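Engineer: Input: one structure, supplied below.
The values are calculated or read from the model by the stated rules, or taken from the named source; none is laboratory data. Small disclaimer: the values here were computed from a predicted structure and weren't measured. We place every Cβ from the backbone using ideal geometry, glycine too, and count neighbours over all the protein chains shown. The protein model used for the area step is the full one, side chains on, heavy atoms only, and it has no ligands, DNA or RNA in it. Shrake-Rupley method; radii C 1.70, N 1.55, O 1.52, S 1.80 Å.
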Amino acid sequence: MSAARIIAAVTPLLPVAAGLLALAAGVAILRTYGLRYRVARLLLTTPRMSVGEAVAIAAAGAARYVRVDGRIDSADEFEDAAHRPLVFRRTRFEARDRGQWKPFEDSSETVPFSISEGLDAIEVDAAALGDGLVVVVRESAGVAADVGDRAPATLPPATPVRAIIEQVSSVEHAIALGVPVVSDKRSPTLTAGLGRPLVLTTLEVPEAIRVIGGGGRLRPWLAAACLAGGIVLVAVGVAWAGIGAILTPALVLGADATPSRGPGSDTRSVGEGPGLVGNPLAAILFVAAIAIVAIVATTVYVRVTGGPSGESKHSREERVSRWPRP
């Protein structure tokens, strides 16, 4: 095989290899979010249905992972220091140790609550909420001496400490993802299942994605760029190889230096000019495929970055303060 033919065969593999590396880098960046990345993906892809439909699925015993939207209702709210009616509050205390935040207390307060839509309601299994809770975090910073007996006795009084509070109010609307089941109390309940977590957020999906990303935009942008670029590069490489294989006549690939002409070797029909060589329709289809891939890549980019930039009134809320703060 000549050097020219080797180069022609190998060259399309270069963008394919680069595209695969870019895709791997994008996935690796997304994996740094841990379970929260999975929560974001579920928020973007889980089919939405009415609360009434979810209740019917629970009654039928069908195992499906669904999304429901509605208002939060409870008969037993409790108040925070600002007199907001709450149905769930999780408080975590963390101490700064060797450049990392390490938890030393994690507690939750909750009352039974449900997601309601019209006359239909489905309870939420608050005990199953973990990393699936996505709300605006309230954070207070101080030192170990500020929290008194709540800090471990081995913790020096001057150690930096922070309290992270995640709470859900009964005056908010929520998006909940889970498996509808009938609980021990014979009431329809949304809980974790099918290998997927229970997810609850009081934010719109684009804002929830930004909260999951920690408010920073560098990692989402890098991940989106790698994924979109990888898809385009792979498509270009495949199209390049396909077009080259289709448009290069087999006679040229097997030709030698001796000119020859046999009977019927003229590609022109009687009374007509030269015809088309190769398969132009396939070439057009390959170009169209590149355009489709570019559209898909753009869609992936928009979904990973969570839509238009900018913060809502929830995100602009002050998150960090000095002690004391409830």
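Engineer: Scan V205, V171, V179 and give me the residue that is open to solvent by 40 Å² or more (accessible area, probe 1.4 Å) and of a type outside the set (S, T, N, Q).
Structural biologist: Step by step, each of V205, V171, V179 is checked, and only V171 is open to solvent by 40 Å² or more (accessible area, probe 1.4 Å) and of a type outside the set (S, T, N, Q).
Engineer: For E105, all conditions in the list (1) open to solvent by less than 40 Å² (accessible area, probe 1.4 Å); (2) farther than 22 Å from I175 by Cβ; (3) touching a helix residue (DSSP H, G or I) at 6+ places or on another chain (Cβ under 9 Å) hold save one; what is the number of the exception?
Structural biologist: The number of the failed condition is (1).
Engineer: When the residues of segment 105-120 are filtered to those that are of a type outside the set (S, T, Y), farther than 24 Å from R92 by Cα and in a strand (DSSP E or B), which remaining residue is nearest to the chain's Cα centre (by Cα)?
Structural biologist: So the residue we want is I115.
Engineer: Also, I was wondering about something else. Looking for something in contact with a Lys or Arg (Cβ under 8 Å, 6 or more places away or on another chain) and not in a helix (DSSP H, G or I) - is there at least one such residue anywhere in segment 52-61?
Structural biologist: So far as segment 52-61 goes, no, none of its residues is in contact with a Lys or Arg (Cβ under 8 Å, 6 or more places away or on another chain) and not in a helix (DSSP H, G or I).
Engineer: So which residues in segment 156-168 are open to solvent by 40 Å² or more (accessible area, probe 1.4 Å), in contact (Cβ under 8 Å) with a residue 24 or more places away in the chain and not basic (K, R), if there are any at all?
Structural biologist: P160
Engineer: All but one of (1) open to solvent by 20 Å² or more (accessible area, probe 1.4 Å); (2) under 20 Å from L200 (Cβ atoms); (3) aliphatic (A, V, I, L, M) hold for A62; which doesn't?
Structural biologist: (2)
Engineer: Sticking with this structure for a sec: Which residue out of G118, G130 is on the phi > 0 side of the Ramachandran plot, open to solvent by 10 Å² or more (accessible area, probe 1.4 Å), in contact (Cβ under 8 Å) with a residue 12 or more places away in the chain and of a type in the set (G, A, S)?
Structural biologist: That would be G118, the only listed residue that is on the phi > 0 side of the Ramachandran plot, open to solvent by 10 Å² or more (accessible area, probe 1.4 Å), in contact (Cβ under 8 Å) with a residue 12 or more places away in the chain and of a type in the set (G, A, S).
Engineer: Does D125 satisfy the criteria of being modelled with pLDDT of 90 or more, open to solvent by 20 Å² or more (accessible area, probe 1.4 Å) and among the acidic types (D, E)? Give the derivation first.
Structural biologist: Details: modelled with pLDDT of 90 or more: yes; open to solvent by 20 Å² or more (accessible area, probe 1.4 Å): yes; among the acidic types (D, E): yes.
So D125 passes the test.
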